[in-house]
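So the structure is just underneath, and the comments pick up after that.
Here, each number is a calculation from the coordinates, and none is a lab measurement. Please read these numbers as outputs of a predicted model, since none were measured by experiment. For neighbour counting, all protein chains shown are included, and Cβ atoms are generated from backbone atoms with ideal geometry for every residue, glycine included.
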2 protein chains.
Amino acid sequence: MNIRDIARKAGVSSATVSRVINESGYVKEETKQKVLAAIEEAEFVPNAIARSLSIRDSSSIGVIVPDIANEFFSGIISGIGERAANNQYNIVLFDTGELPEREHQCLMMAESQRLSGLLITPISELDEVTRDKLIQFENKGIPVVLVDRNIRNSILDGVFVENHEAAYKAVEALIQNGHKKIAVITGPNTSMPGKDRLNGYKSALRDHGIGLREDYIVSGDFKIMKAYERTKELLELPDPPTAIFASNNQTSLGVLKYLTEHKLKIGRDISIVGFDQIESLKIIDYSLSTIDRDARNQGYLAMEMLIDKLTRKESKSSGRKIFVPYQMELRGSEKIK
Amino acid sequence: MNIRDIARKAGVSSATVSRVINESGYVKEETKQKVLAAIEEAEFVPNAIARSLSIRDSSSIGVIVPDIANEFFSGIISGIGERAANNQYNIVLFDTGELPEREHQCLMMAESQRLSGLLITPISELDEVTRDKLIQFENKGIPVVLVDRNIRNSILDGVFVENHEAAYKAVEALIQNGHKKIAVITGPNTSMPGKDRLNGYKSALRDHGIGLREDYIVSGDFKIMKAYERTKELLELPDPPTAIFASNNQTSLGVLKYLTEHKLKIGRDISIVGFDQIESLKIIDYSLSTIDRDARNQGYLAMEMLIDKLTRKESKSSGRKIFVPYQMELRGSEKIK
């Protein structure tokens, strides 16, 4: 039973029903009585209220991520879920697929939900539609916490990692192994981690007196197939790089896919260091060197920050930032023989 | 603003507020007026109704899985999400962690949500609390579709894989490579895939005249650490197996973790065939032989079945079953040298 059903029952428009239940605008007394009768007949009001009350008691948290099939994000969600369950929160999950229009749709759908709070990994740090919507959420009393990606010109709270610093160390590990021809497959350059990791790469080269080469900086999208294509382009250059810095775990997988298909061995034919580990490769002691961090813990901390805001009944952000620890784990692929 | 806040405002008990809004039981007129005034002052009624109406328009689907960090389930959710987004459905996600009590809690939380339908991978095929609750959902007009695990003595619709047949083929591949000492690390034996895959193992041995050995049948829980411990037990037997059938992807990872730590190489020192692939191992051409299937597609089909039930306004199941395709992919680990 929804607003349209009531309207049909009462023989009026949905807008009229809406005016009646919101007590806004003019409605003829006779019409009003018809609508109220239809609502009563449908046992609509008491149920709706009763249900809304019980829902309020077990609250929902919106979680918007760009790619749930990426183990980093399923780890994040797992940590969020663990912390949420302790406080009887439900999770309403949205997957944007790294598509800005989808992100806007998800935010609209999230708005129509009775959410107590919102955790989001925004695709872009520059998207003003998303930024304004998030600030609107907080103004309406629904606190927001950013997960892993910041938004420029906002003071939204969030849980991040030191992307610039970690990327710097990853690239430095390659330099220390004698590499001078180091390429990067970036993330989307409008995303905060994409940009910061690229800048970390640039800083490391600069500090070690290695000139930047435009042909060694190729843009990826944090997904496997694009990274695969970019690897092909890099290795078909007249003067190909000897090492690649992969900006996230999916990028590493794209590189590995290409190398595997072409019988190129990491740590022998070509070097690679990636951002974010790949758990099953760690289990089999594969030589891929990565910046490791605990995604589950990062999700847990983000949910904890949100619960803290909910507890303090302070929905508005104050630019609070938590940075999770990371480790540069060298497993052999930074070398070349 | 919830029922307790209204009660506090009106200086009455929550039960009284509940009686007023549900128009049930006796409440003194004076008290009733006080409650209604508090509700009005809080602008509670119109908002609650308006919100409930708008929620009805963008519906939510509950998704209950046992382990979101398992790539099989993040694949399932990804497929569900893809299909759901086409029809503007939200996903309310619950992770039971393979814990029956948690599953019951999740079902209760799901009940308090305004869900249009429910997709669930039940932990056990024998859990009557879960079974009865799911039938209750359907009786209340909320259709249910089972994902990958059936429930005994029910005709709930679902999307599955032929576990017995696929497990049979996996074990047969080991037999055809000369193995006679084949162990199995099972799933939880109350889960439908756990039981069916074990029976597939038993049938394959029987059909090939190989006697069952109790010490080669060890119970796992579809998680890495238990499988790791079970592998240790198996390989420390006075007469250890030469091959292991791992009942799911996490079980394979547990076996691989133990083997890797003990410098044992699959396809040389010991053989293994696992149920469900591990994507990143496929990408690097790792020799693990597995029963492969498309989790994303399975999730997509489950959501499609649910949407079909919603469209036909037929919430009740009729024992409809879809079986997704699978392939036995031999990559070398079924052999021994």
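Values computed for the structure shown
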| quantity | calculated |
| --- | --- |
| Qualifying trypsin sites (Lys or Arg not before Pro) in segment B:233-287, DSSP loop, other Cβ atoms within 10 Å at most 13 | B:LYS263, B:LYS265, B:ARG268 |
| Gyration tensor (alpha-carbon) shape descriptor, the protein assembly as shown, a/c threshold 1.5 | oblate |
| Computed helical MRE - 222 nm, chain B, DSSP H runs ≥ 4 contributing -39500 (n - 2.57), nearest 500 | -15000 deg cm²/dmol |
| Of A:ILE182, A:VAL161, A:GLN88, farthest towards positive along the dipole that unit charges on Lys, Arg, Asp, Glu beta carbons give segment A:84-197 | A:ILE182 |
| Peptide A:132-141, shielding by other chains (average Cβ, 10 Å cutoff) | 0 |
| Set of lysines near B:LYS316 by C-alpha distance (under 22 Å), chain-local residues within fewer than 8 positions excluded | B:LYS133, B:LYS140 |
| For segment B:66-187, alpha-carbon Rg and Dmax in angstrom | 17.0, 56 |
| Within chain A, longest stretch clear of exposed GluC sites (Glu not before Pro) (DSSP loop, no more than 13 other Cβ within 10 Å) | A:44-235 |
| Alpha carbon centroid spacing (whole Å) that separates segment B:91-111 from segment A:203-238 | 44 Å |
| Value of relative contact order over chain A, rounded to a whole percent, pairs C-alpha under 8 Å and six or more apart | 18 percent |
| Peptide A:89-97, shielding by other chains (average Cβ, 10 Å cutoff) | 6 |
| Square roots of five times the Cα gyration tensor eigenvalues for chain B, Å | 50, 20, 17 |
| With Cα atoms, 0 to 90° folded angle of helix B:224-235 axis to chain B main axis | 30 degrees |
| Average beta-carbon neighbours from other chains, 10 Å sphere, peptide B:276-287 | 6 |
| Label distances, nm, B:LEU330 versus same residue in remaining copies, Cβ-directed 7 Å point | 4.3 |
| Residue-count net charge about A:VAL159 - beta-carbon cut-off 14 Å; Lys, Arg +1, Asp, Glu -1 | +1 |
| Where only alpha carbons of segment A:228-271 are counted, the Rg and the Dmax (Å) | 9.6, 27 |
| Inter-copy separations for A:GLN33, label at 7 Å along Cα-Cβ, nm, ascending | 2.4 |
| Whole-angstrom Cα spans of segment B:242-319 along principal axes, big to small | 57, 24, 16 |
| Debye, to nearest 20: dipole size of chain A, +1 on Lys, Arg Cβ, -1 on Asp, Glu Cβ | 120 debye |
| Segment B:124-216: C-alpha pair distances exceeding 20 Å, % | 45 percent |
| Reach of B:LYS9 by Cα under 20 Å, taken over lysines that are not fewer than 8 positions away in the same chain | A:LYS313, B:LYS28, B:LYS32, B:LYS34 |
| Position B:HIS208, label points 7 Å along Cα→Cβ, spacing to each other copy in nm (shortest first, one decimal) | 5.1 |
| Relative contact order computed over segment B:81-131 (Cα-Cα under 8 Å; 6+ residues apart), in percent | 31 percent |
| Angle in degrees between helix A:192-207 and the longest Cα principal axis of chain A, rounded to the nearest 10 | 20 degrees |
| Low-density loop positions, trypsin sites (Lys or Arg not before Pro), segment B:125-227 - DSSP coil, at most 13 other Cβ in 10 Å | B:LYS140, B:ARG152 |
